[in-house]
Amino acid sequence: MRLDEFHREAKCHAILYQQNPEGYRWRLFWFALFGVFCPIFLAAVFLGLAILASCFLYRMGMKGTFSEPLAIVAVIGFTVAGGVIWAQWIRLPKPEGHIVRNPEAPELFQIIQEVRQQLDAPTIHTVYLSNDFNMSVSQHPRFGLFGPRRNYLIVGLWALEAFSVEEIRSVIAHELGHLSRKHGYFNCWMYRLWVFWERLTKIDEQNFRNKFHHAGLFRWFFTWYEPHLLARTMVLQKAHELEADRFGMELSDRRTVLRQYLRFGVAATALEEVFWPGYFHEAHDEPLPPKDSFKRVVRFLGALDDRNLLDAVKKALSKISLPYETHPSLRERLISLGYEIPEPEEVLAILSEGKETETRRASTLLTESCLAHYRDHYNRALKAVHIAEWRMRHQEAKKARGKYELLDTKKIDDTLSESDYWDWAHYRYRYIDKEQSCFAIYEFLQHFPNHAQANYILGEKELRQNKAEGVAFIEKALENDSDAMMPGLLLLAKFYEQRGDEKSLVRIMERKDQHLLSQKAANTERSKLRAGDEFSEADLSKTDKEDIRKVLSYYPELTEAYLVRKRVTHLADKPCYVLAVRFKKRSLELDMEREQIQLNCLANDLPPTIPIYVFAVNRLPSSVVNKIKNIDGAMIHITQVEKAN
């Protein structure tokens, strides 16, 4: 299903839900049940065939005969039936985080109990504390598929640090509203259905596509079923979110609920757009992450009314939700609750409310010792998560600055090539200029206006500042480099999503789907060699060829190797090089599995910057081998024994 078709179907189902919510739920229930019983029915048919084939095999065995086709039918039948039975047994993973008990947060548990009683919601069995800016509920049957359900409330410590006590009460009311309306049970059931089909498609790939070389039994059905089920369930899950929003309105005043949703929406956008880019930019100068990472997050969340975050506020207010997203956007939530969309300046004023009166933060609902413990624990956890990426960024910056000094000297002498000129401009923008001024990139583009990476960087910077001028730069980058297609389209999609431009967003997502199909076709074209393929001499530098020869010399069982360039039609701007190799023949030729291991190891050892596909000569058609051997300069490696022969 194309994205525009999916979008139209999701809108149609949204209208149907608004007209008759109860009837829509029942239709979704029967459609989901259809997806469960189809594979069960197919499994029953295969099980019957397997049993029948086994009976015939038994009777033939009594007579001393055997039928290989019947044996294959029996194996396939039992495999499919067993796989479907296995796929149905699904245990939901427990939430991630640390269990918080009543003595550690008595006031928090008191608020949960009060809200639960007011909403007539089921009991919360366990409260988890997580290291993120989120709150959610999860509902699991105690015995996997059956039995009484256990209810979990997951509380993000970042949320406790950002929200006031009154705001966190509204959030808890929203989450427990899901339980009181049994939304958690629906989500649990849908999760099992997705996992069920995911396992069935894996059975297809493992037992049919690889071994019997034909399309899987379930994939063709799931390809049709998945988008239709997704379009239906996304509508209901968004409706569940909007329905749960109203429970917060019942237990809190309208101003508190408005402030809570604005704080959540602005914080999510500001963390992604402002805090984390600035945080990791420090890695250019500092070898290790800051010791107070968690405190920095808390300080940032406590200053969301800063005027420097005005762009993040505008993006949060204009953002729209995609058809396949389960949660509505901030704008959709506010409209559903009857609020008028405030101006960005008004949002900052609303978020600053309570600072003068020193409104109590929700993190004080934990005891002092408990709060100090988890602050310290999650601070160390943040550092542990980021340290590898931080060190990598620091080393890159250190090397880049060393190269920049050499290139800057060459630039003064006006002896830079295009690649050196680009490195100079890129390093200056990324690592030298503290404010990340783009003047070096603009200067480079005056000489090389079609350079893909330069256009991409300028477009990315403009789009992050919510400027439409960045679209032209990104489109120019996409024209000149297919590798920029996917990240560029995602940047454009995010830009239009934050602007609320639904038509442009759908158009970009359609282009993304088309590019994914092109990538799939390109991978298929490059991974196979056919008699009609055309080849030419590999246009690589002497240094690259020497690097390849060096790798080939590490394989003593390799007797000869040929390197050529294959002509391709999909993503033709990216070259495709073919390395055809032959291994030694012993008393018995290398078995297929061992040879494949050798090919995989060789492919991994080759220079990663060169797109080389490795093939075994003995597996290729003779016409293809002759074409490759007849290319001038194709032979790149041969052993002394082969030379003598």
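The values are calculated or read from the model by the stated rules, or taken from the named source; none is laboratory data. None of these values were measured; they are calculated from a predicted model. Note: ideal-geometry Cβ built from the backbone for every residue, glycine included; neighbour counts use all protein chains shown. Surface accessibility is based on the protein's heavy atoms, side chains included, excluding ligands, DNA and RNA. Shrake-Rupley method; radii C 1.70, N 1.55, O 1.52, S 1.80 Å.
At the residue level, CYS370 shows approximately 10 square angstrom of accessible surface with a 1.4 angstrom probe and all protein chains present. For the set PHE29, PHE615, the ranking by accessible area, highest first and with no ligand, DNA or RNA atoms included, is PHE29, PHE615 under a 1.4 Å probe. Taking N as the residue count of segment 445-485, its C-alpha radius of gyration divided by 2.2 N^0.38 Å amounts to 1.04.
Between GLN19 and ARG401, 0.36 nm times their residue separation minus their Cα-Cα distance comes to what?
Net length gain for the segment: 131.3 nm.
Judged by the ratio a/c of the largest to the smallest principal axis of the C-alpha gyration tensor, segment 23-93 counts as prolate, that ratio being 1.5 or greater while a/b is larger than b/c. What you get for segment 1-69, charging only the Cβ of Lys and Arg (+1) and of Asp and Glu (-1), is a dipole of about 140 debye around the Cα centre. Distance between the pseudo-spin-label points of MET486 and GLN110 (7 Å out from Cα toward the beta carbon): 5.3 nm. Each of ALA561, PHE473, PRO148 was scored by the projection of its Cα onto the charge dipole of the chain, and the greatest displacement toward the positive side belongs to PRO148; charges sit on the C-beta of Lys, Arg, Asp and Glu. Extending 7 Å from the Cα toward the beta-carbon at both ASN102 and SER419 defines two label points whose distance is 6.9 nm.
When you count, for each residue, the other Cβ atoms within 10 Å and take the mean per peptide, how do 389-401, 308-320 rank with the highest first?
The densest-packed peptide leads the list: 308-320, 389-401.
Pairs of Cα atoms under 8 Å, at least six residues apart: use those to get the relative contact order of the chain, whole percent.
10 percent
In this simple spin-label model, placing a label point 7 Å from the Cα along the Cα-to-Cβ direction at both HIS377 and VAL75 gives a separation of 5.1 nm. Quotient of the Cα radius of gyration of segment 335-442 and 2.2 N^0.38 Å, N being its number of residues: 1.86.
Placing unit charges on the Cβ atoms of the charged side chains and taking the dipole of the chain about its Cα centre, the candidate lying farthest along the positive direction among LEU571, GLN446, MET635 is MET635. Per residue, the accessible area of the chain comes to 53 Å² when a 1.4 Å probe rolls over the protein heavy atoms.
Tell me whether segment 39-172 comes out rounded, prolate or oblate; compute the Cα gyration tensor, take square roots of the eigenvalues as a ≥ b ≥ c, and use a/c under 1.5 as the rounded threshold. Here segment 39-172 falls in the prolate category. Take 262-275, 331-344 and order them by the average number of nearby Cβ atoms within 10 Å per residue, most first; the result is 262-275, 331-344.
With a cut-off of 11 Å between beta carbons, the residues surrounding ASP408 carry a summed charge of +1, where Lys and Arg count +1 and Asp and Glu -1. Around the Cα centre of segment 248-407, unit charges on the Cβ atoms of Lys, Arg, Asp and Glu (plus for the first two, minus for the last two) sum to a dipole of about 600 debye. Roughly what % antiparallel, to the nearest 5, for the DSSP beta bridges in the chain? Antiparallel bridges: around 70 percent, rounded to the nearest 5. Placing a label point 7 Å from the Cα of PHE439 along the Cα-to-Cβ direction, the residues of segment 390-419 whose backbone N falls under 16 Å of that point are 412.
Of the residues GLU250, GLU502, ranked by 1.4 Å probe accessible area with the largest first, the sequence reads GLU250, GLU502. Taking all protein chains in place and a 1.4 Å probe, what share, in percent, of the accessible surface of the chain do carbon and sulfur account for? Solvent-exposed carbon and sulfur of the chain make up 55 percent of the total.
Charging the Cβ of each Asp and Glu at -1 and of each Lys and Arg at +1, and nothing else, the dipole of the chain about its Cα centre rounds to 2340 debye.
Among VAL266, PHE31, PHE78, whose Cα sits farthest toward the positive end of the charge dipole of the chain (+1 at Cβ of Lys/Arg, -1 at Cβ of Asp/Glu, about the Cα centre)? Final value for the positive-end residue is PHE78.
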